[in-house]
Amino acid sequence: MRICLVAHGFPPYERSGVENYTAALARALARAGHRVNVFAPRSVPELPDLSLRREERDGYQVTWLNSRRPPRDPAEALDPPQLAERFGAWLDLERPEVVHLQHVLKLGLGFIERAAERGLAVVYTAHDYYPICHRFTLLRPDLTRCSTLGDADACTRCDLALGRLNTVTSLGDYHLGAFPDSLPDSVRTSLQAVLEGDVPGSGLAPEEWTSARARRVSLDRRRAQVFQKVDLVLAPTRFLADQLIAGGLPKSRIEVLPYGIDTAALVAADRKRAPHEPLRFGYVGSLTKHKGVHVLLDAFEALDGRAELHVHGDSTDKVYVGQMRDRAKRLGAHWHGAFEARDLPGVLARIDVLVAPSIWVENQPLAIREAFASGLPVVTSDLGALPESVRDGVDGLLVPPGDPRALAAALGRLVDDAGLFEKLRRGVPKVKDVDVQVAELGALYEKARAAAKRRLRAPPSPLAHLADVAARHGELDALPFDDLFARVVRGLERLGPVLGAPEMGGAERTLRAFAGPSATRETLADMRTERTWLQTQAAGFTEALGASQREVRWREERVAELEREVAWWKERSKGSETGLAARAQELSWREAELTALRGERDSLAAELKSLAEEKLRERKWLEDRIAAGAKENEWLRGERDGALAKQAWLEESRAEVEQRAAWLEGIRKEQAKKLAWLEGVRTELDSKVVWLEGLRAELEPKVAWLEEVKAELEPKVAWLEGLKSELEPKIAWLEESLTGLGKERDWLAQSVANVTAERDNLLDEQRASQTEVDALREQLAAQMGELEAERAQRLAQAEEAKVRERELETARLELEEEFRAAEERSARLQQRLSRETERAESLQQAARAWLQRLEQGTGGNTSAGAAGAADAGSEQRAAAELLERFLEELRWRRGEMRAAAADMDAARSRWVLARTHLGRRAVRWGAAPSKGDEGRAAQAEGGGG
Amino acid sequence: MSADVQERGDAVGTAPVSIVIASLDDRDLLERHLPPLLAELERRNAGDEVVVVDDTGQGSLLAWMESRYGVPAGPLRAIAREHNGGFAKAMWTGVEAARHELVFLMNPDVLVHPGFLEPLAAALRDPMVHSAVPRLLLFGAEQRIESVTGVRLRRDIAEVDQPALEGQAERYRSGVTEVTYAVGGAVLLRRAEFLASGGFDPLYEPFYYEDLDLGFAAWRAGKKVLYCADSVAEHHHRGTIRRRVDERLVRAVIERNRLLFQWRFLDGEERLRRHLGALERMAVDAYLGEQRDELIWMALALERLEELSASRARLGPAVRSFDQVVTDSSPRAAAPSP
């Protein structure tokens, strides 16, 4: 069967439980004769995004999908762009019959869809709660357990709470969440408010809650819909299966299939321990918070050094790992860090009990099965599916989750009760091997394939005459791409003879196949051309970008310059405003003056005009009058002429006429006078006009000057207006920038406030610490007082010791004196002993000689000397008595000698002991005695006394 | 053929023609295209007939024809195949049943224009003309003539050349020219010759390239095929099969048959060498380009090597080589109508 295993990571890049399990499963499936291809993502910066790379390994293939772009939001996390499409294209090439997904985290739900829509059997192993919980652990961001499965509000709170955590950069890759104690007060408060659904307390706007809920509902709905397309869901435990069913997955598609693991390298060694050897507890696995390593370290501390603890593993949550490492080292635990999968047997061989202190509803940790396979009992949390793995009191112990005391008690029981350990060890079950699971999977895969066939909408049945070709097409289409290619290549081998083509050697075939016009070559050439073009374009863009950047820099400089200019203007405007105001005032005054002058000029001009008009009217009237007078005069002249003509005739009326002429002359004179007056008026008016003209002429330069001033001022005003209009957008931009800066400042202020709050928190902590330090200081001072008192006591003791030392010195001198006396006595005794010995020896010799003589005398003259024999016998007795007395004395003397020597030895011993004690005490007096030393010092003093 | 019919045919300058339509249950197409055809036959009054072959294998079309047209009615007949056999077999059935020597093979998606038969029949007066094809307008577009056909080689792989579909329609608007083959959906040929040659070669079953094969074989045997611009019909291209069969499968059969066609006629050592090299290159190109479909086409063709051998064996002696047929049959600008 052609099987594609999909995992969200794969060794050597990812080495957690699921990844290692997938690798073991791939090996086992390949061993069982299946064609296995593992499809997994990785991120290699030097390869193009979405590129595929194939690798042969342990009888199966691994296809790596290079995925370099992290998701930008929850929607992208659920459906990373383009990854599923790439997978779909790959499926079209490889045509697996079964797609067995281990996880779609980092890959997306689209992987399930792409497989399902191709009619492939889709199998999903639920290693966690991902199908029903977007956090896949049923853990909230504060690492407390969630009990509201499928509650959109609760899930929304999780989303928003994660947003709170994301603001705390010091958490690093916090993985699933953070303990509230590790958070700054402000974050902790808002986190708790969010998790409690306290909208006002959360600091989030109500619309943020609304949109977050809508998004969460949408994403969860999509996840639920996609998981409906899975043909078979494998749950390693009953607990997980029940949760999945409760979460909405169809019961009919769920099978409980416990993990099988590769047990080949894991051998249950005989672990009899010597009574003096400490029990070795071990943690092996991912070092993440929800795995509860901190609980284990707390428990280990309570064991007070009665056992060993070995910690193996690592994770990307480096902050937590660092904290645990430091704590483990402080507690004297053995910190080993990450290990290679191949080293697992060795890791397990060096511990006696595996501890799995998870605080989340675990599924079926592989570490427990690996421990069992190695013969290790397990202590774990009584939580989730863990009781399905570990039987309390049979092959391990179950403890309440997250309870260091309970865990410490359980570990303590194992330390103290060797019988319990042995019992649990004997109860360790046999572990299912991955090969067994592969056999089980075979049947399940077939079941999934049948379901997939039912699921896939049957294609329209082809016409009868198309049935054969349609079937052949379908079969060829179902072949993996490589197989299809191989079939074509082999078919081409058979074609030549059918066509009657001459046989071609390998070289000719190769030449004809590759040296001709090739679509691939053309495509590659096109791609190179395109690449060159793109490179050129890119270079152009780079250049343009450079130019843009330069322009941006120039603009920035210009902006800075303008800002400086604006500042200068602002500065200057402070002075200029006054000047400008004065100028404006002056201008206003001038304009008012000009207006007044213009008004005056206009009124004068109007007056002049009216005067001129009046004068003209008068002049006209006068002219009319003159004309009329002239006419009259003419008429009169005519009359006079008539009269003169008639003078003769009118001589009589001449006087009258002359009178009349005189009268008329008077009138004429009067009129001439009037005319002269009028002329005078006219002259006066003309002079007034001239004056006015002069005034005008005088005013006009002023006006002209004012006009000039105005003209001069107008460009300035215009320039100022221009400058103003030029500056206004800049000012607007600056104001906008200032607004932005204001916002930024507000944000910074907020940040500062946050930082201040944080600082306050720190100050609070500092104050608390200070208080603690003060308390410690007081405690220290008290201790110092005690020490001082003790020192004084010690000094008194030292004084006393000096007295005692002097006493001892006296004693020593006495002892030395005694010793000397004893030595002298000993010497005397020695001398006396020597003398007595010499005397005894001489007596002995004499006695021996005498006895010898006696023996000789007795032996040499036995018959003749009977009397002599009697004398000799008495002498012999006397000598024997003497000898006896002498020996008696000798024994006495020797006893005396031994007594003296013992006496001397005792004196010497006392003296040596006294010196030793003296020395020890002298040493102790030089240093402060510890509690233990006090007793010993007292003993020493007691001994010395 | 009765004497009076022959006379009537002579009277209008044409012989009577049997129009054979092989059809699946294409009632809508027949509804549209039969009436103009019958009207044209009535106009001709030459004693022509229409034989509709029901290839559904279920007699459903025949039943419909009986109820709709009351067949047999006038020149219209319908016969049903017992099994669905595809284009080649259905046409064979129809031609066998035809009563006249001249047979116009027609798809139900073809709409004839008035006077379409006379130029074709005139062309077939030349005994060296194997078949004749009308100016077949794709969807009635004057600029898209489907029936000007040739074969060209691209990277040593044969492909159909239809220059009048690709912007050269103007050159073929009138007159008569040689073409490599007559499009199978609208071709006039001789019944006896068709039946004697075994009809469309079964190598290409279920469809496509049978017509190219027929024409190419005729050229190879020394005959020729003519395109008559004065005869006009419209073709609703591939409207029959594609409505019932997956597009991808149709394309696969076409491409498979393209290869089989070349393999059937290919000759000459150098040509064979070059072609085999080209096939290997094609396979490698397809593999490197991840072109699954191209490999499937090749694999489908290579699965029919036995049928290919038999098909090659059916070919008679060649008057023209493969290359000569390609060259000689290549369409040129149409000569004025005779």
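The values are calculated or read from the model by the stated rules, or taken from the named source; none is laboratory data. Values in this document were obtained by computation on a predicted structure and should not be read as measured data. Neighbour counts run over all protein chains shown; Cβ positions are idealised from the backbone, glycine included.
Table: residues versus (1) outside the structural domain of A:Ile351 (by TED's automatic domain parsing); (2) buried (at least 21 other Cβ atoms within 10 Å of the Cβ).
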| site | (1), (2) |
| --- | --- |
| A:Gly375 | no, no |
| A:Gly384 | no, yes |
| A:Asp403 | no, no |
| A:Gly427 | no, no |
| A:Val436 | yes, no |
| A:Gly442 | yes, no |
| A:Glu446 | yes, no |
| A:Arg454 | yes, no |
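Taking the criterion of being free of Cβ contacts under 8 Å to residues at least 40 places away in the same chain and among the β-branched types (Val, Ile, Thr), the only residue of segment A:209-244 that qualifies is A:Thr210. Exactly one residue out of B:Asp267, B:Asp293 is more than 22 Å from the chain's Cα centre (by Cα), of a type in the set (Asp, Glu), closer than 30 Å to B:Ala123 by Cβ and facing chain A (nearest Cβ under 10 Å), and it is B:Asp267.
Within segment A:493-512, residues that are surrounded by 12 or more Cβ atoms within 10 Å (Cβ to Cβ) sit with their Cβ atoms under 8 Å from residues that are among the hydroxyl-bearing types (Ser, Thr, Tyr) and part of a helix (DSSP H, G or I), at 6+ positions apart or across chains, in these pairs: A:Val498/B:Ser309.
Only one of A:Arg253, A:Arg223, A:Arg216 is over 25 Å from A:Leu120 (Cα atoms) and of a type in the set (D, E, K, R); which?
The conditions single out A:Arg216.
Could you say whether any residue in segment B:278-287 is buried (at least 18 other Cβ atoms within 10 Å of the Cβ), away from every other protein chain (no Cβ under 11 Å) and among the basic types (Lys, Arg)? Within segment B:278-287 (the criterion being buried (at least 18 other Cβ atoms within 10 Å of the Cβ), away from every other protein chain (no Cβ under 11 Å) and among the basic types (Lys, Arg)), the answer is no, since none of the residues qualifies.
Residue by residue, here is whether (1) more than 30 Å from B:Asp26 (Cα to Cα); (2) within 14 Å of chain B (Cβ to nearest Cβ); (3) at pLDDT below 95; (4) assigned to a helix (DSSP H, G or I) holds:
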| residue | (1), (2), (3), (4) |
| --- | --- |
| A:Leu397 | yes, no, no, no |
| A:Leu407 | yes, no, no, yes |
| A:Arg413 | yes, no, no, yes |
| A:Ala450 | yes, no, yes, yes |
| A:Arg454 | yes, no, yes, yes |
| A:Pro462 | no, yes, yes, no |
| A:His465 | no, yes, yes, yes |
| A:Val469 | no, yes, yes, yes |
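Put simply, of A:Gly282, A:Gly292, A:Gly313 the only residue that is closer than 20 Å to A:His175 by Cα and in contact (Cβ under 8 Å) with a residue 60 or more places away in the chain is A:Gly292.
Taking the stated definitions as given, is A:Leu608 touching a helix residue (DSSP H, G or I) at 6+ places or on another chain (Cβ under 6 Å), more than 14 Å from chain B (Cβ to nearest Cβ) and part of a helix (DSSP H, G or I)? Yes; evaluated as a whole, the condition is true for this residue. Scoring A:Arg509 on the criteria (1) within 9 Å of chain B (Cβ to nearest Cβ); (2) in contact with a Pro (Cβ under 7 Å, 6 or more places away or on another chain); (3) among the basic types (Lys, Arg) leaves a single failure, condition (2). Taking segment A:490-501 as the range and being under 12 Å from B:Gly277 (Cα atoms) and within 7 Å of another protein chain (Cβ to nearest Cβ) as the test, the residues that pass are A:Leu492, A:Leu495, A:Gly496, A:Ala501. Against the list (1) over 28 Å from B:Leu29 (Cα atoms); (2) out of contact with any Phe, Trp or Tyr (no Cβ under 8 Å at 6 or more places or on another chain); (3) within 13 Å of another protein chain (Cβ to nearest Cβ); (4) crowded, with 18+ Cβ neighbours inside 10 Å, the condition B:Lys223 fails is (3). When A:Gly33 is tested against (1) surrounded by 14 or more Cβ atoms within 10 Å (Cβ to Cβ); (2) over 28 Å from A:Thr316 (Cα atoms); (3) among the small types (Gly, Ala, Ser), just one condition goes unmet, and that condition is (1).
Would you point out the residue of segment B:293-309, among those that are of a type outside the set (Gly, Ala, Ser) and surrounded by fewer than 21 Cβ atoms within 10 Å (Cβ to Cβ), that is nearest to A:Pro480 (Cα to Cα)? By that ranking, first place goes to B:Asp293. Flag: A:Glu475 does not match the condition of being more than 14 Å from chain B (Cβ to nearest Cβ), among the charged types (D, E, K, R) and either assigned to a helix (DSSP H, G or I) or closer than 29 Å to A:Tyr124 by Cα (or both).
Can you find a residue that is in a strand (DSSP E or B), surrounded by 15 or more Cβ atoms within 10 Å (Cβ to Cβ) and in contact with a His (Cβ under 9 Å, 6 or more places away or on another chain) anywhere in segment B:44-55? Yes.
All told, A:Glu632 meets the bar of being surrounded by 15 or more Cβ atoms within 10 Å (Cβ to Cβ) and either without any contact (Cβ under 8 Å) to a residue 12 or more places away in the chain or assigned to a helix (DSSP H, G or I) (or both).
Residues of segment A:787-805 being within 30 Å of A:Gln770 (Cβ to Cβ) and at pLDDT 80 or above, which ones? Correct list: A:Glu788, A:Ala789.
Screening segment A:149-170 for residues that are out of contact with any helix residue (DSSP H, G or I) (no Cβ under 6 Å at 6 or more places or on another chain) and in a helix (DSSP H, G or I) and picking the one that is surrounded by the most Cβ atoms within 10 Å (Cβ to Cβ) gives A:Cys158.
Touching a residue at least 60 places away in the same chain (Cβ under 8 Å), farther than 30 Å from A:Leu191 by Cβ and in contact with a Lys or Arg (Cβ under 8 Å, 6 or more places away or on another chain): is that true of A:Leu91 in this structure? Criteria met by A:Leu91. Counting only residues that are in a helix (DSSP H, G or I) and within 14 Å of chain A (Cβ to nearest Cβ), segment B:60-106 holds 9 of them. Among the residues here, A:Leu444 does not qualify as in contact (Cβ under 8 Å) with a residue 24 or more places away in the chain and in a loop (DSSP other than H, G, I, E, B).
Filter the strands (runs of 3 or more DSSP E) completely within segment A:174-285 down to those with at least 3 residues that are under 33 Å from the mean Cα position of the chain (by Cα) and crowded, with 17+ Cβ neighbours inside 10 Å. So the answer is A:279-284.
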